[in-house]
1. Heavy-atom accessible area per residue, the range 63-164, 1.4 Å probe: how many Å²?
2. Which helices, taking whole DSSP H runs in the chain, have alpha carbons extending 24 angstrom or more along the helix axis plus mean Kyte-Doolittle at least 1.0?
3. For the range 1-47, report the accessible area per residue in Å² (1.4 Å probe, heavy atoms, rounded to an integer).
4. Could you work out the helix-only [θ] at 222 nm for the chain, with each DSSP H run of four or more residues adding -39,500 (n - 2.57) and the total divided by the number of residues, to the nearest 500 deg cm²/dmol?
5. Which residue, GLU161, GLU102, GLU73, tops the fluctuation ranking in a GNM of the chain built on C-alpha contacts under 10 Å?
6. Under 10 Å, Cα contacts only: if you run a Gaussian network model on the chain, which one of THR135, THR82, THR40 comes out with the highest mean-square fluctuation?
7. Comparing CYS78, CYS150, CYS66, which has the greatest mean-square fluctuation in the GNM of the chain with Cα pairs linked when under 10 Å apart?
8. Per the 1.4 Å probe, what fraction of the accessible area of the range 24-100, in percent, lies on carbon and sulfur atoms?
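The values are calculated or read from the model by the stated rules, or taken from the named source; none is laboratory data. Given the structure is predicted, the values throughout are model-derived calculations rather than measurements. Ideal geometry is used to build each Cβ from the backbone, glycine not excepted, and the neighbour counts take in all protein chains shown. These accessible areas exclude ligands, DNA and RNA; they are computed on the full protein's heavy atoms, side chains included. Shrake-Rupley method; radii C 1.70, N 1.55, O 1.52, S 1.80 Å.
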Amino acid sequence: MDGEALRALQAPIKATYRDHPEAAQLTLSARGTLVGDALTCRVEATGGQVDAGLHPATGGDGSAACSGAMLLEALVACAGVTLRAVATAMGIPIRGGSVIAEGDWDARGTLGVDKAAPVGFPRVRLRFEVESDATDEQLAKLLSLTERYCVVAQTLKNPPELTSEIVPNRPADR
């Protein structure tokens, strides 16, 4: 797809959102199922089901996906698609490349071994290795716009309000 085709594809969508901003307000969702007594959560993903479990550093055997790695994978996916779309719109040919996300993690926080140890990633690095003849200035603009429009990157940079609740499903309720 070239920039003109991308603009033509998105033009009616953008027009709708300009005329009816409420149409752009979406709620995405994800769902997981707790099955049996396994220390896993089965996530319904677009490509099929994924069982997430404990990382080997916290007692897992490595057979289930690590949710921390899944977070980095979501960042890579979003950033990669965003980079491609922005490059297309800018007319910058990208022949190939890689998107790499790395997150530093201290398992002591998750395990409660050291209350001063953070739970989560205090640092995440995102790197694009692109095969392109673009100038340094074009690549800098591409990076800037990719960071600006990547939903996952912006969510990590500007954490949302997160609320949690637990709703019992007792046998009498069924």
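1. Per residue, the range 63-164 has an accessible area of 64 Å².
2. Qualifying helices, which must be both long enough and hydrophobic enough, are 67-90.
3. 89 Å²
4. Only helices count here, giving -12500 deg cm²/dmol.
5. In the Gaussian network model the winner is GLU161.
6. Taking springs between Cα atoms under 10 Å, the residue moving most is THR135.
7. Highest fluctuation among the options: CYS66.
8. Roughly 57 percent of what the probe reaches on the range 24-100 is carbon or sulfur.
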